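The values are calculated or read from the model by the stated rules, or taken from the named source; none is laboratory data. None of these values were measured; they are calculated from a predicted model. Neighbour counts are summed over all protein chains in view; Cβ atoms, including those assigned to glycine, are modelled from backbone coordinates with ideal geometry. Please note that ligands, DNA and RNA were not included when accessible areas were found on the heavy atoms of the full protein model with its side chains. Shrake-Rupley method; radii C 1.70, N 1.55, O 1.52, S 1.80 Å.
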Amino acid sequence: MSSAPQISQDAAWTQVAAVRLSTDGARWYAVRTRSRHEKLVAHQLQNQGVTTFLPLITQVHRWSDRKKMVQVPLFPGYAFVRVVASAEQYVRVLRVHGISSFVGIRGQASPIPEKQIVDIQLLLTSNAAYSICPFLKVGQKVRIRGGCLDGVEGLLIARNGDRHLLISVEPMQRSLAVDIEGYDVEPI
């Protein structure tokens, strides 16, 4: 069990130092790591001179006999690297113990906009409340969790910037759309 994530001030400044403006053509990429190897991967990459970013949050873990503050990755199984897009750099990163692959489409590493990395940094160093939620795309089949609509399933749609759940009765070819702002939604 863990409580709401919080970030320590020292960890926040360490993370802010990891983000630099791109002046050398390097771009940010996400890499998949083996389970619970995120910190080891980040340490090894830093030792090789590769700029890394591993967002960590502090959580309180409770056991039957004690509680302890533990720093855990914000995105378990992933770390970020900043490298120039070249076969040599990719191989250099992939040879690090604990890395399984770059994140991308059809075997190609997909760069992450620097603005997104900076935004994560700002969020973690601020006192703003946030929660980790599943990534949902418009057109995806989802289920509502909690509230009076608990268990209702349908298609996630967006109309005028608002999220709605589309419930369809296919044989009749009729649908209903319900506003789901404020509800917890999970992918099916």
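Quick notes on this one:
- Leading residue by the ranking (nearest to G25 (Cα to Cα)) among those in the range 71-84 that are more than 15 Å from the chain's Cα centre (by Cα) and touching a residue at least 60 places away in the same chain (Cβ under 8 Å): V84
- Flag: S110 matches the condition of being of a type in the set (S, T, Y), under 28 Å from G77 (Cβ atoms), open to solvent by less than 60 Å² (accessible area, probe 1.4 Å) and touching a residue at least 60 places away in the same chain (Cβ under 8 Å).
- Residues of the range 133-148 classified as out of contact with any Gly (no Cβ under 7 Å at 6 or more places or on another chain) and either among the hydroxyl-bearing types (S, T, Y) or open to solvent by 40 Å² or more (accessible area, probe 1.4 Å) (or both), total: 11
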